[in-house]
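Every read-out reported here was derived from the displayed coordinates using simple, explicitly stated rules and does not represent laboratory data. Predicted model, so just to flag it, every value in this text is computed and none were measured. Here the Cβ positions follow ideal geometry from the backbone for every residue, glycine too, while neighbour counts run over all protein chains shown.
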Amino acid sequence: MSWLRAYIITMIYVCGMECHAQEPNDSVQTHLLQEVVVTDQSARNRIANARLGSETLELTKLSMAPKMFGEMDIIKSITLLPGVHGEADGAGGFEVRGGNAYQNLVTLDGMTLYNPAHLMGIFSTFNDDAMSRAILHKGPIPPNFGGASSSVLETYMRPGDMNKYHFSGTLGILNAKISADGPIVNDKLSFALYARRSYVDLFLKMVPEYKSTIMNFFDVNAKIRYKVAAGNHLDISFFASRDNLAISDLMDMRWGNISGSINWSIQEGGWRFLTTGAITDYTTEMGMNIMDANQKLNEYIQSYSANEKISYNISDNHLLEFGIRSELLRVKSGDMKISNSRQLEIRSGWSNAAWIGYEGEFSSLLSVSFGTRLSCYTALSGNRFHEFIGLNESTPDFSSKTYLHVEPRGSIKINLKDNHTIKVGASISTQDLHGVRSTTTTFPFDRYALASAFTKPEVTTQYSVGYAGMTPDGGWDWSCEGYYKTMNGVYDYKDGVTMFSRINLESLILCGKGRSYGMELMLRKNIGIFTGWIAYTLSKTDTRIPGINNGQWYKASNDRRNDFSFVGIVTFNQRWNASLSWTYSSGRPLTAPDEKYVLGGETCYYFTARNSYKTPSSHRLDLSASYTKEGKRFTSIITFGVFNAYAHFSPFVIYFEDDSSKPSGTRAVQQSLFGIVPSVSYTIKF
Amino acid sequence: MRIHILIFTLAFFLVSCEKELDFKYHDVESQLVIEATLSEAEAIVSLTNTIPMDDPLTVNRLTDADVSIKDNTDNIIFQLSSDIEGFFHGEIPGIPGHEYIIEVSRNGKDLST
């Protein structure tokens, strides 16, 4: 039974990687044919996890939630959890507990990915075939992570099977995927390769108005695993993605990440060592041809990092971890070429951290998890670390400055009775790179402000308390969590400027603070033909920046009062399963005019407060069904889906304009991105 | 290995839609709008009010105000007077390089740039 051997060996490798001292999963399922599901967290594990606010994502469960275009989307799926919501239609980022998408750290095998969403969030950020597991930390962030103040989404790529070859291909309406993995040297060296390409534009070209539109993306995941000895393996991972969007001759945009990492994992007795080196190059480029003037815009973020994590099992119930990290960041916040003139700004910084953490269980009543991270960030002032070319602008301050932060984090879990727990946690985390949003959602060309003599790192303090319970058989489980966050070092654009008013980014932004609090409820059904969950979040997020909105608190652009998700999955039999999800989100804050007037013959709008209005709410029903046929040689799966089944038009952009047909002469217009979108895809695995 | 490839091509209804919103605006105090042009021969100033978004955009020029333009460099104040159409006029030699300030006084409120 070679499949059983492959299954067991892969399980050992995967559990050996990046595992905090969680109790061994007590239920693992094999997924369909001969693939191995790496993580399936039972209700018991969810309750037992001492880490407050950490969700190990059950990729099998998520794989059955409605898929768009036949692919599971980790990001869309995590937005179905309480405390997490997606950005508006048209942006693929996710927001956690009052934070915005730029306050999340997304890692893949130790590589940091920046703005990883694809093409307006229509497509999934990650190739789900390539993922082995994903963990979202939305509560106190574990001490081994830095660089993000709101949440951490750590994901891992599936390594190749050491003994057997696997292939799979998926053809859908809008994209295609292929994957291959297997041994290069049996039991010693394996490879895995996953690639995706979308071809939305093939269909758009059939519509006359979109004939010369280009809209596609591709991504490639690759991993080589070398088994040095038992408990000792070396992985080389690679990820590249590119999005392309072009509208006839007018404009073209490209953005994407290219990254690689080396992970060396050694397990010896109670010790585990993980050495990681990673490089990421995130670039965005835009070209515009307006009124015969050629304009080009580029930005990049380059990250070079080395990380060491050491864990020691003091005993069965106690784990000690510590480590160090060093990262060099080089950020080009903008590079503008207009005809023959050029302006650009580049900054660099060196981020170092050391951390220590402890997790332990004291009796069956009490578990604790706490640690501290010491982070030291230095803005680099040497000539090779910065560059500035401006037109009629004063040179920004490139002098060196070092910021030192002590970031304690911890949670305590108390078992009330057998199946009920209470958890309390608190943490401080910092972030050196600010993505400054120019609109209410992320946009590939948002500018990044790296901490410097002028720009401070963002520091977030979070407190949370929660209760979780489950029925004895694990059939149902529920949780209720409340959080309160304060943020310092929040940056936003001044009134009256746009992101490229000047190339010197620091002259355009102001610093202030933010706060957010909320309550999250979740109920899950895990057993039976019908499974699923309901999640509800009630929250409020505000920002206060002197110089904006008269220095008064105003609603943060990611404030969503209510956020509700319902997911239902029906497993009819071995072959058929179906699912639906319904999400509802309150309107987003909007800065709308209060009055209008005429100036120079044109209608102008007068705005008083920032974000004092709200867009209409968004809601959507997604359905999908899939039919799996397992044959002797191969398995085929057909998936049907309908996105936005009742065609509700959720707000994407709202603007105001003259309308002579109306008595008032003015109208407010809402543009939506999606109507109803059906999809079909066909997958073969062998 | 027999491979069945069935490609379903469905026209997909990726409809991007525009609709008008029934927008509820806030009640705010009306503001005075001062539109002024200064050239080498004369100055023309027009005073209007901001109008609620739901009201028709009519240009209602206000004349119940004191408008003056001060040449800050030479320290001379020119008073403007309104004409039948509601514009405030003044034959002021606009000298390039000089700093000018508009002062409007209406209903007890004094505004200046």
Report the extension gain between A:Gln574 and A:Ser339 in nm, rounded to one decimal, defined as 0.36 nm multiplied by the number of residues separating them, less their alpha carbon distance. 78.4 nm
Order of A:Phe370, A:Phe362 under a 10 Å beta carbon neighbour criterion, fewest first: A:Phe362, A:Phe370
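Given all pairs of different Cα atoms, what value in angstroms does the Kirkwood hydrodynamic radius of chain A take?
Numbers: mean 1/r = 0.0381 Å⁻¹.
Result for chain A, one decimal place: 26.2 Å.
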Stretch gain in nm, segment A:Thr402-A:Asn317, where the contour uses 0.36 nm per residue and the Cα spacing is subtracted: 26.7 nm
Using only the alpha-carbon atoms of the range A:280-323, report the extent along each of the three principal axes, biggest first, to the nearest angstrom. 71, 18, 8
The range A:481-620, Rg to Rh (Cα coordinates; Rh as Kirkwood inverse mean 1/r): 1.15
Working only with C-alpha atoms, what are the Rg and Dmax values of the range A:88-180, expressed in angstrom? 15.3, 46
Shielding by partners - mean other protein chain Cβ count within 10 Å, residues of B:55-65: 2
For A:Lys685, counting only lysines whose alpha-carbon sits under 16 Å away and dropping same-chain residues fewer than eight positions off, the answer is A:Lys164, A:Lys177, A:Lys629, A:Lys632
Return the tail of the calculated pair distribution for the range A:146-285, meaning the percent of Cα-Cα pairs more than 19 Å apart. 65 percent
In nm, give the distance between the simple-model label positions of A:Ile356 and B:Ser81, each being 7 Å from the Cα along the Cα-to-Cβ direction. 8.7 nm
So, in nm, how far is label A:Asn289 from label A:Leu234 when the simple model puts each one 7 Å beyond its Cα toward the Cβ? 4.9 nm
In degrees, nearest 10, range 0 to 90: what is the angle between the Cα axis of helix A:2-16 and the longest Cα principal axis of chain A? 60 degrees
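Set the Förster radius R0 to 35 Å, insert the Cβ-Cβ distance between A:Ser661 and B:Ser105 as r into 1/(1 + (r/R0)^6), and round the FRET efficiency to 0.05. Present the calculation step by step, with values, prior to reporting the outcome.
Details: r = 39 Å, r/R0 = 1.13.
For R0 = 35 Å, the calculated efficiency reads 0.35.
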Return one quarter of the surface area of the convex hull spanned by the alpha-carbon atoms of the range A:630-686, equal to its mean projected area, in nm². 5.8 nm²
Report the percentage of all Cα-Cα pairs in the range A:237-383 whose separation exceeds 28 Å, rounded to a whole percent. 45 percent
At 37 °C and 0.692 mPa s, the Stokes-Einstein diffusion coefficient in µm²/s for the range A:308-413, with hydrodynamic radius from the Kirkwood sum on alpha carbon pairs, is 191 µm²/s
Residues in the range A:415-456 reached by a label modelled at A:Lys494 [backbone nitrogen below 20 Å; 7 Å Cα→Cβ]: A:434-439, A:447-456
Dividing the alpha-carbon Rg of chain B by 2.2 N^0.38 Å yields what? 2.05
FRET efficiency estimate (nearest 0.05) - Cβ-Cβ, B:Ser112 to A:Ile324, R0 51 angstrom: 0.25
Rank these for me by crowding, A:Glu154, A:Glu308, going from fewest to most other beta carbons within 10 Å. A:Glu308, A:Glu154
Most mobile listed residue (B:Leu21, B:Leu57, B:Leu80) in chain B, GNM with C-alpha springs under 10 Å: B:Leu21
In Å, what is the Rg of the alpha-carbon atoms in the range A:383-507, and how long is Dmax? 21.7, 70
What are the principal axis extents of the Cα atoms in the range B:27-82, in Å, biggest first? 44, 20, 18
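In the structure shown, do any of A:Lys138/A:Lys614; A:Lys76/A:Lys662; A:Lys456/B:Lys24; A:Lys205/A:Lys296; A:Lys423/A:Lys513 have a Cα-Cα gap over 30 Å, and if so which? The partial results should precede the final answer.
Numbers: A:Lys138/A:Lys614 26 Å; A:Lys76/A:Lys662 40 Å; A:Lys456/B:Lys24 39 Å; A:Lys205/A:Lys296 25 Å; A:Lys423/A:Lys513 27 Å.
As for pairs spanning more than 30 Å Cα to Cα, those are A:Lys76/A:Lys662; A:Lys456/B:Lys24.
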Write out the chymotrypsin sites (Phe, Trp or Tyr not before Pro) in the range A:165-255 meeting two conditions: DSSP loop, and at most 15 other Cβ atoms within 10 Å of their Cβ. A:Tyr165
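For the range A:212-254, what ratio Rg/Rh do Cα atoms give with a Kirkwood hydrodynamic radius?
Working: Rg = 18.5 Å, Rh = 13.2 Å.
Reported Rg/Rh (Cα atoms, Kirkwood Rh): 1.41.
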For chain A, what does -39500 (n - 2.57) per DSSP helix run (n ≥ 4), summed and divided by total residues, give at 222 nm, in deg cm²/dmol to the nearest 500? -1500 deg cm²/dmol
Could you give me the radius of gyration and the Dmax of the range A:453-524, taking only the C-alpha atoms into account and expressing both in angstrom? 20.0, 61
Residues A:Thr628, B:Thr37, sorted so that the one with the fewest Cβ neighbours within 10 Å comes first: B:Thr37, A:Thr628
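Count, for each residue of A:668-677, the Cβ atoms from other chains sitting within 10 Å of its Cβ, then give me the mean as a whole number. Mind showing how you got there, number by number?
Values: counts 8, 5, 6, 4, 5, 4, 5, 6, 4, 4.
Shielding by partners across A:668-677 averages 5.
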A correct Kirkwood calculation over the Cα atoms of the range A:596-680 returns a hydrodynamic radius in Å of 17.2 Å
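Taking all pairs of different Cα atoms in the range A:220-310, averaging 1/r and flipping that mean, what Kirkwood radius in angstroms comes out?
15.9 Å
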Using a Förster distance of 41 angstrom, determine the FRET efficiency expected from the C-beta separation of A:Lys296 and A:Met206, and round it to 0.05. 0.85
